Amino acid sequence: LDVEFTGLHSAHEPSLFDSPAERYLRARQSVRRFAAAQLGLAIFSNENSNKEIFLFIVDVEFTLSASSIQFLSRYGFDYNKFLKDGIPYMNELQEKIFSQHLLAGSWKVSSALDRDVLKKVIDEVTCWIAAAEEEETMILQDLSGYQRFEVQLVLRQALQNVWTQPLGDKKVMVKKVSPQHRRLLENSPYDCCQKDLVLLSARGFTNLFQMLVEAKKPLVGHNMLMDLMHLHDKFYKPLPESYEEFKRNIHNLFPVLIDTKTVTKSIWKKCPFPRVSNLSEVYAVLCSSNLNPKDPACPVIALASHCSRYAEKKSPHEAGYDAFLCGSVLLKSAHLLLCRSTDDAVEADPSFSQYLAVLAEYLNKVNFIRGGVSSINFSGEDFPCQHPPLLVVRVRGWPGLNERQIYQEFKALCRFDVKRLSNNQFILLSNKFKQLVLRDYKCHPHLRVSVYRHWTHSPNVNCLLQVSGIVALWSLFAFVLGGAP
């Protein structure tokens, strides 16, 4: 699975100081602002199926990030298709509100684009019906998906002497009828605009999401934390404030998660695997004959006929293509690990259960980008944050120095994350602990760098020691003065 969003924004860059809970709360704000624009679902089975789905949410405001528009447009993303032909979706809260409005006849039109379409349709029908005879019909063209329901509901509500019926693809028939005939048609069990059918259409992709949940199949993604957050927020429930509740909910929805980023990061250590992180690059490396020779046991991945273009042309950041790459990377990585575990003596046509067995240590471990842990454990407690040694920088004679200036000062030596410790002290943290930093800044006129020691540098500890010193001093004075004649 792969999801493309209308934006990805955070006020803070990922930092090694971040805990998963802190990062989640920041990312939650981003997920609530932006919409899921495209969802790619690649189903790997004996009969391959590959679907690329444009999504459009019913009745919600969302943000489009200029950088994301530019990025996705560079890779051929069709924003017109997203806005005009996108499949609707809603989470449980939105569905409840929509159902209440539907029963009360007070639903809202889903988007500004649909409002323009409806205005044009109502004008067209109003002009026609004034001169039309009873039982005369007209055909409305080019109405996509859920728009066909909205057009019918609005026309029926606005005009008491019309009846509507969908015809084929993107068409709706409008008929002029008498009010008596209209009442008979409204009570017919064959009315296509019954409330349950409207709700089914408005739920759109959420119906398929529910099928995925019920199937309980392994769900595979690459760097999939944001994908999971959008799945939860857009198709299940609004993201909770509690990070632990989010983890529990996702695990209940999808008991088996596999993040190919987590798997391939481990392969770096076990196999002669180049350190690439981009999904397309990982796929290319795993397809190379040097790393994964084409022996008879190696899984052969065939594309469904309607997706054959993916074999002929790369389509990075197209959700369907990236979903196909995710599944392919998983199978090829699993085969590589199976070969290593059996000294290359792999029986012909290994089963998926054999691949799952060698992937067992990676199940439900979702990659955590540049933070206090390497992965998030969705089936239990996260591993404690393990930071490399910290450096502390003490500033003298350089007033107004901030984190950004400290970062600029040290970035040539190593990529550090910086956090203020006190008015004149900063903590430096990096995946690579550089002894040369201590050496080069030994005689700096304004900066002193040393290894961080909690009992020496912590402001809380220093404050406690100062308070304890004051209390001890007053106790001494009280003892001396109390003992005087």
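Structure values in brief
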quantity: Gyration tensor verdict on the range 258-377 (Cα atoms; rounded if a/c is under 1.5, prolate if a/b is larger than b/c, oblate otherwise); calculated: oblate
quantity: Sum of side-chain charges, residue 359 neighbourhood, beta-carbon under 14 Å (Lys, Arg +1; Asp, Glu -1); calculated: +4
quantity: Computed accessible area, residue 427, all protein chains, 1.4 angstrom probe, square angstrom; calculated: 10
quantity: With all protein chains modelled, accessible area of residue 451 [1.4 Å, Å²]; calculated: 40
quantity: Residue pairs, from the table 237/332; 216/261; 247/314; 171/216; 247/411; 237/261, whose Cα atoms sit over 31 Å apart; calculated: 237/332; 247/314; 171/216; 247/411
quantity: Distance from the range 127-196 to the range 326-376 (C-alpha centre basis), Å; calculated: 55
quantity: Overall form of the range 106-199 per C-alpha gyration tensor (a/c, 1.5; a/b vs b/c); calculated: oblate
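The values are calculated or read from the model by the stated rules, or taken from the named source; none is laboratory data. Everything numeric in this text was worked out from a predicted model, so none of it was measured. Positions of Cβ are generated from backbone atoms using ideal geometry, with glycine treated the same way; all protein chains shown enter the neighbour counts. Only protein heavy atoms, including side chains, enter the accessible area calculation; ligands, DNA and RNA are left aside. Shrake-Rupley method; radii C 1.70, N 1.55, O 1.52, S 1.80 Å.
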